[in-house]
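The values are calculated or read from the model by the stated rules, or taken from the named source; none is laboratory data. In this text, all values refer to a predicted model and were calculated from it rather than measured experimentally. Here the Cβ is made from the backbone with ideal geometry for all residues, glycine too, and neighbour counts use every protein chain on show.
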Amino acid sequence: MQFYCPNFNICYTFFVVIDWRSLIFNAFWIVGLAVLLAAFSYHYWEAGQERRPLREQLSRPSFSRLFWISFTFITVGLAGTSQRLWETAIWLLFVIVSVAYTFKFSLK
């Protein structure tokens, strides 16, 4: 399959200007933060509806599962956007920990 472009300079500029790797890794941490915000917001609302303390609501497995899933997305994104090797290594350790906790809370 061959890519057709009527004006080569415009198509070349489009693919060169966008840093796709950075775009993908930044999307990971943005989606992770969005999931975390949505989970917190929902559980805050649910605590108010059920007249429960927020701390009790946030200790439930439904929030813990979403927290660790979102933390996994955030750490993958931050590992991918790190500039130094030691930063990447630290974020990858966080990725491993968050994946382990994600599986731990998914099995409950």
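Please work out if Trp29 is touching a residue at least 12 places away in the same chain (Cβ under 8 Å) and either in contact with a helix residue (DSSP H, G or I) (Cβ under 6 Å, 6 or more places away or on another chain) or not polar (S, T, N, Q) (or both). Outline the logic, then answer.
Values: touching a residue at least 12 places away in the same chain (Cβ under 8 Å): yes; either in contact with a helix residue (DSSP H, G or I) (Cβ under 6 Å, 6 or more places away or on another chain) or not polar (S, T, N, Q) (or both): yes.
In short, yes.
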Output for Cβ contacts, cut-off 7 Å, separation at least six or different chains, first residue in a helix (DSSP H, G or I) in the stretch 33-46, second among the aromatic types (Phe, Trp, Tyr), reads Val35/Phe73; Leu36/Phe67; Ala39/Phe63; Ala39/Phe67; His43/Phe63
Residues of the stretch 16-40 being under 14 Å from Ser70 (Cα atoms) and over 14 Å from the mean Cα position of the chain (by Cα), in sequence order, are Phe40
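With the structure loaded, tell me whether Phe71 is within 19 Å of the chain's Cα centre (by Cα), surrounded by 14 or more Cβ atoms within 10 Å (Cβ to Cβ), assigned to a helix (DSSP H, G or I) and modelled with pLDDT of 95 or more or whether it fails that test. First the steps, then the outcome.
Details: within 19 Å of the chain's Cα centre (by Cα): yes; surrounded by 14 or more Cβ atoms within 10 Å (Cβ to Cβ): yes; assigned to a helix (DSSP H, G or I): yes; modelled with pLDDT of 95 or more: yes.
Yes: the conditions hold for Phe71.
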On the given criteria, is Phe105 touching a helix residue (DSSP H, G or I) at 6+ places or on another chain (Cβ under 6 Å), of a type outside the set (Gly, Ala, Ser), under 21 Å from Ala38 (Cβ atoms) and in contact (Cβ under 8 Å) with a residue 24 or more places away in the chain?
yes
